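Bear in mind that the values in this text are calculations on the coordinates, not laboratory data. Since this is a predicted model, take the numbers as computed values, not measurements. Every residue, glycine among them, receives a Cβ derived from its backbone with ideal geometry; neighbour counts consider all protein chains shown.
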Amino acid sequence: MNQQEMKQAVAAAAVEFVEEDATIGVGTGSTVNCFIDALAASGRRVESAVSSSEATSERLRGHGIRVVDLNNTGDLDLYVDGADEFDPHRRLIKGGGGALTREKVVAAASRKFVCIVDQSKRVNILGTFPLPIEVIPMARSMVARKMVAMGGQPEWREGFVTDNGNWILDVHNLDLVDPVATEKAINDIPGVVTCGLFALRPADVVLVAGSRGIEQISP
Ligand code: 5RP
């Protein structure tokens, strides 16, 4: 199986978690795009979807899936999203696509978070992938200096504007041995909207596509 086939396989496995007529949360990225396509092809009807990005909303609508506002749904039974890295405790780095804040909001509103990845995203300790941080524009340099003080090397994702009108710093070489503490510390810095660590609220289930099929990691 090549990487695209793995994404399609894990996306199809996630469709099995979708209850008929549910309102589900949908993440962002190429693996999630496969999930949206697989859901539409499955014929399984969903009532509506809460989307984590403009790109996902467009794809959902393209398949005739109604996109609704999280303010009108209450908590969701299911959220499906990809990740840039996952560890054995189902903690994640997300935000490679820049949608981390809305993704974190929808994950927080969901009872079950199913993360869909291929095996290339597996790590023992998070942090090989640079950690994305969404910042309000005026705070960019100040937050970057704080990241240097924490031992990281921040890089401004220049030219990229999030769906919320903010900017992204990608921080290399941070020590993420204690991702819960680091998530709290970074999120406490004024001007940080959120960081791409999903450790306080990890995934409930990680579905991993590999050459031998789909592995499910759950408590
Ligand atoms: C977007 C994300 C994505 O889930 C992450 O970047 C993985 O994307 P892909 O499925 O394309 O590898 O966090 O903000």
Cα gyration tensor shape of the stretch 25-73, rounded if a/c is under 1.5, else prolate or oblate by comparing a/b with b/c
oblate
Taking K and R as +1 and D and E as -1, what net charge do the other residues with C-beta under 14 Å from the C-beta of I116 add up to?
-4
I'd like the antiparallel share, as a percent to the nearest 5, of DSSP beta bridges with both residues in the stretch 122-203.
100 percent
Below 14 angstrom from the Cβ of N72, what's the summed charge of the other residues (Lys, Arg +1; Asp, Glu -1)?
-2
Run through the DSSP bridge list for the chain and note the antiparallel percent, rounded to the nearest 5.
55 percent
Which lysines, on any chain, are close to K112 with Cα under 23 Å apart, when same-chain ones fewer than 8 places away are left out?
K7, K94, K104, K121, K184
Can you give the net charge of the other residues whose Cβ lies under 13 Å from the Cβ of N33, counting K and R as +1 and D and E as -1?
-1
Take the alpha carbon gyration tensor of the chain, find the square roots of its eigenvalues, order them as a ≥ b ≥ c, and report rounded if a/c is under 1.5; if not, report prolate when a/b exceeds b/c, else oblate.
prolate
Arranged from highest to lowest average of other beta-carbon atoms within 10 Å per residue, in what order do the peptides 89-97, 33-41, 60-68, 173-181 appear?
89-97, 33-41, 173-181, 60-68
In terms of the alpha carbon gyration tensor, root eigenvalues a ≥ b ≥ c, rounded if a/c is under 1.5 and otherwise prolate when a/b exceeds b/c or oblate, the stretch 131-196 is prolate
How do 77-86, 147-156, 186-195, 111-120 rank on mean C-beta neighbours within 10 Å, highest first?
77-86, 111-120, 186-195, 147-156
With a cut-off of 8 Å between alpha carbons and a minimum separation of six or more residues, what is the relative contact order of the chain in percent?
22 percent
Check: the chain dipole with +1 on Lys, Arg Cβ and -1 on Asp, Glu Cβ, in debye:
200 debye
